[in-house]
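Asks: Starting off with a structure, shown below.
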Amino acid sequence: MRKIMFMSVALMMLLFTGCNEEKKPAISADANKIDSLERIVEQKDNEINDMLSTLNAIQDGFRQIAEAEDRVSIVKDGEGTDKAAQIKENIQFIANTMQHNRELINKLRQQARESSVKGEQLKTTIEGLVKQLEGKDQELQKLRAELDAKDIHINELNENINNLNQNVADLQTESSQKSQTISNQDKQLNTAWYVFGTKKELKDQHIIEGDRVLQANFNKSYFTKIDIRVDKEIKLYSKSVKILTTHPSSSYTLSQDANKQYVLRVTNPQLFWSTSKYLVVMVK
């Protein structure tokens, strides 16, 4: 887990360095554009610094938790009349620090959500922090079993662990819900529809009305839904085709197969579908 944290910090520092490099815009006669670029870079620098500060605070919290766990291990295996009091004090410290780390993780998640700096690695880092909290929760449960075996009963320990269990479960639920939302949004962004047919067929479905395309209340169920990240080749099964919707010519090719029938290949999906998520092709 520590390796994950170090890699995360390295990534964030790399982003920080990359943003700083943007502070060297090409010489331009338009000073306003340069000022605008510098403001954008400064904003990204500030956002990254804020996230790094939060991430460092979380890591420091986990370091303090580890040190408190070591103190508990030393005390519970030693001797002394105030053993229970010392363990109780350290357990309370661990619980409070874990709660603080939980709040910082939520803060980091909010910062990432609102930041203009996007990255899959940051999401992975946050998930790793949540898993680290889960690991600490399991360690506390193991500690409870060891203390019970030594007849060292601390009521606060049971209460704190129960609270931690609930908080970790809440974090897992929230993370799962957000992941599902992001997945659904990503799926919608990468969904498109296409149809090909004769002029009569397209008219019957109100896909074309005179010279207009997709202007009337057309039959959407007549279209085939695709994932633009996966489906990049559409066989049109015709020797004569005409694309009726607008798509940049540099984003696709039309070529004939061995049977002289046309095949549309999307070479740049993001550009091709940027003007319309619907493709209409008239064939003969």
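The values are calculated or read from the model by the stated rules, or taken from the named source; none is laboratory data. Everything numeric in this text was worked out from a predicted model, so none of it was measured. For neighbour counting, all protein chains shown are included, and Cβ atoms are generated from backbone atoms with ideal geometry for every residue, glycine included. Side chains are part of the model used for accessible areas, which takes the heavy atoms of the whole protein and leaves out ligands, DNA and RNA. Shrake-Rupley method; radii C 1.70, N 1.55, O 1.52, S 1.80 Å.
Asks: Determine whether region 104-117 contains at least one residue that is modelled with pLDDT under 80 and open to solvent by 70 Å² or more (accessible area, probe 1.4 Å).
Replies: Yes - at least one qualifying residue is present in region 104-117.
Asks: Would you point out which residue out of S221, S250 is over 24 Å from Q188 (Cβ atoms), loosely packed, with under 12 Cβ neighbours inside 10 Å and among the polar types (S, T, N, Q)?
Replies: That would be S250, the only listed residue that is over 24 Å from Q188 (Cβ atoms), loosely packed, with under 12 Cβ neighbours inside 10 Å and among the polar types (S, T, N, Q).
Asks: Criterion first (modelled with pLDDT under 70, surrounded by 14 or more Cβ atoms within 10 Å (Cβ to Cβ), more than 18 Å from V130 (Cβ to Cβ) and out of contact with any helix residue (DSSP H, G or I) (no Cβ under 7 Å at 6 or more places or on another chain)) does I27 satisfy it? Talk me through it step by step, then tell me what you get.
Replies: On the way: modelled with pLDDT under 70: yes; surrounded by 14 or more Cβ atoms within 10 Å (Cβ to Cβ): no; more than 18 Å from V130 (Cβ to Cβ): yes; out of contact with any helix residue (DSSP H, G or I) (no Cβ under 7 Å at 6 or more places or on another chain): yes.
The answer is no for I27.
Asks: Give me a count of the residues in region 207-256 that are hydroxyl-bearing (S, T, Y), in a strand (DSSP E or B) and more than 19 Å from W273 (Cβ to Cβ).
Replies: In the first step, residues of region 207-256 are kept if they are hydroxyl-bearing (S, T, Y); the result is 221-222, 224, 237-238, 240, 245-246, 249-253, 255.
Restricting the remaining residues to those that are in a strand (DSSP E or B) gives 224, 252-253, 255.
Now drop any that are not more than 19 Å from W273 (Cβ to Cβ), which leaves 255.
Qualifying residue count for the region: 1.
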